[in-house]
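None of the figures in this text is laboratory data; all of them are computed from the coordinates on show. Remember, it's a predicted structure, so these values are computed and weren't measured experimentally. Please note: Cβ atoms are built from the backbone with ideal geometry, for glycine as well, and neighbour counts cover all protein chains shown.
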Amino acid sequence: MRQGIFISLFILIGFVLGGFAVELVEHYRSLTFDPKLSLGDVTNASMTLLAAVLVTVLVANYLEKHNQAERKEKELLLRRLDLIFPLVQDFEKSNENGNLTEIAATLKRVSVSCNLFNRVVKDLNYPPHILAETDFDNLIREIRRLATDTPIKEIEVHAKRSKCCASVKDGIITLTTDRKALLDGKVDEIKSKLLKVQIVINKM
Amino acid sequence: MKIKIATDFSTAPGPRYIREGKFSGEEFRTKHLLPKLKEGIATNFFFEVELDGTAGFGTSFLEETFGGLIREDKISFETVNSTVKIISFEEPALLDEIREYLQEAHKEKGTNK
């Protein structure tokens with residue numbers, strides 16, 4: 001993206017200079033050129049040419065290095081995101097057997113990875129919309145609630161009649177079908193969000 | 001004073017109530033957190049509860065541990081806030097979550113009066 005801005009800037013400067021040169025030639029049509037060349041003229045012209053070549057090489061070199069660094073950075077971020085998908089799958093598997101400790105553990109791995117990713121993006125000064133896209137806190141919190149929350153004893157009897165309840169026995173949590181469907185929906189949401197982040201970063 | 005859940009209680013925190021399984025929020029609150037909190041109140045010192053280092057927490061464990069202080073043990077919201085400092089570098093979002101559990105328990109307590 002930054003390279004695109006640089007190229008656009010150079011094209012704009014070229015366009016302005018070109019326009020200015022045309023105006024200058026138009027204005028000084030009566031200019032006469034001295035056909036004689038002195039050693040000083042040749043030296044001046046050579047130095048100017050050399051300086052122009054040097055500046056071009058330096059700018060091109062800088063842009064190439066910059067471009068390479070950006071590509072590498074993107075590659076690393078995308079690789080990091082790839083590593084989160086299997087963690088989400090582990091969480092899904094742990095939900096099937098219902099072991100509460102295992103569910104909390106697999107979800108923590110997802111949460112920590114997402115949080116670290118968000119911190120890296122923040123440290124790299126990515127624009128606010130990318131930061132918002134990589135903020136998984138609310139979604140993970142909702143998933144944690146659906147996967148591990150059980151009612152307090154004061155409302156337990158009433159809650160058990162609800163379609164969206166969960167109960168725990170010997171550390172194994174059982175969710176009602178409705179609650180399970182809601183949880184599956186949220187897990188799909190986190191997968192889609194991860195995919196969207198990959199696409200957005202890849203497009204940059 | 002500091003309680004590190006992973007070393008002082010368990011690396012694998014469990015469900016909400018003791019009857020639901022091992023290492024519950026209720027057990028942690030009654031056997032570890034509440035005695036320390038009372039000590040903190042008596043000596044006018046605040047203490048820290050560190051969440052890092054465990055396998056992970058379920059919502060019920062956290063709610064029962066912290067919200068339970070207000071709901072079950074009748075400790076005031078202000079006292080909990082001024083005496084207990086919760087720390088988590090691994091999952092900083094948990095701090096906001098716990099703050100909400102405390103606020104909800106405080107609100108419920110107010111409406112039940």
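Miscellaneous remarks
- Relative contact order (%) - criterion: Cα under 8 Å, at least six apart; region: segment A:39-180: 18 percent
- In a reduced charge model with +1 at each Lys and Arg Cβ and -1 at each Asp and Glu Cβ, segment B:2-112 shows a dipole moment near 400 debye about its Cα centre.
- Estimated 222 nm signal from helices in chain B, with DSSP H stretches of n ≥ 4 weighted -39500 (n - 2.57), rounded to 500: -12000 deg cm²/dmol
- From its DSSP helices (H runs of at least four residues, each -39,500 (n - 2.57)), chain A gives a residue-normalised ellipticity at 222 nm of -27500 deg cm²/dmol.
- As a proxy for reagent exposure, A:63, A:87, A:124 were ordered by neighbouring Cβ count within 10 angstrom, fewest first; the result is A:124, A:63, A:87.
- Other residues with beta-carbon under 10 Å from the beta-carbon of residue A:116 carry, at +1 per Lys or Arg and -1 per Asp or Glu, a net charge of +1.
- Span-like helix ranges in chain A, DSSP H, alpha carbon extent 20 angstrom or more, Kyte mean at least -1.0: A:2-27, A:39-97, A:100-123, A:177-203
- Of all DSSP beta bridges in the protein assembly as shown, antiparallel share, percent nearest 5: 40 percent
- For residue B:107, the lysines whose Cα falls under 18 Å of its own Cα, not counting residues fewer than eight places away in the same chain, are A:153, B:74.
- When Rg and Dmax are taken over the Cα atoms of segment A:25-119, they come to 31.3, 94 Å.
- Fraction of alpha-carbon pairs over 23 Å apart in chain B - percent: 21 percent
- By other beta-carbon atoms within 10 Å, ranking B:98, A:5 with the fewest at the front produces A:5, B:98.
- Taking other C-beta atoms within 10 angstrom as a stand-in for reagent exposure, A:175, A:131, B:34 fall in the order A:131, B:34, A:175, fewest first.
- Dipole check for chain A: with +1 at the C-beta of Lys and Arg, -1 at the C-beta of Asp and Glu, and the Cα centre as origin, the magnitude is about 660 Debye.
- Rg over Rh [alpha-carbon atoms, Kirkwood Rh] for the protein assembly as shown: 1.29
- Electrostatic dipole magnitude of segment A:57-174 [Cβ: Lys, Arg +1; Asp, Glu -1; Cα centre; debye, to 20]: 160 debye
- Dipole of segment A:1-118, positive direction: furthest Cα of A:19, A:9, A:117, with charges on the beta-carbon: A:117
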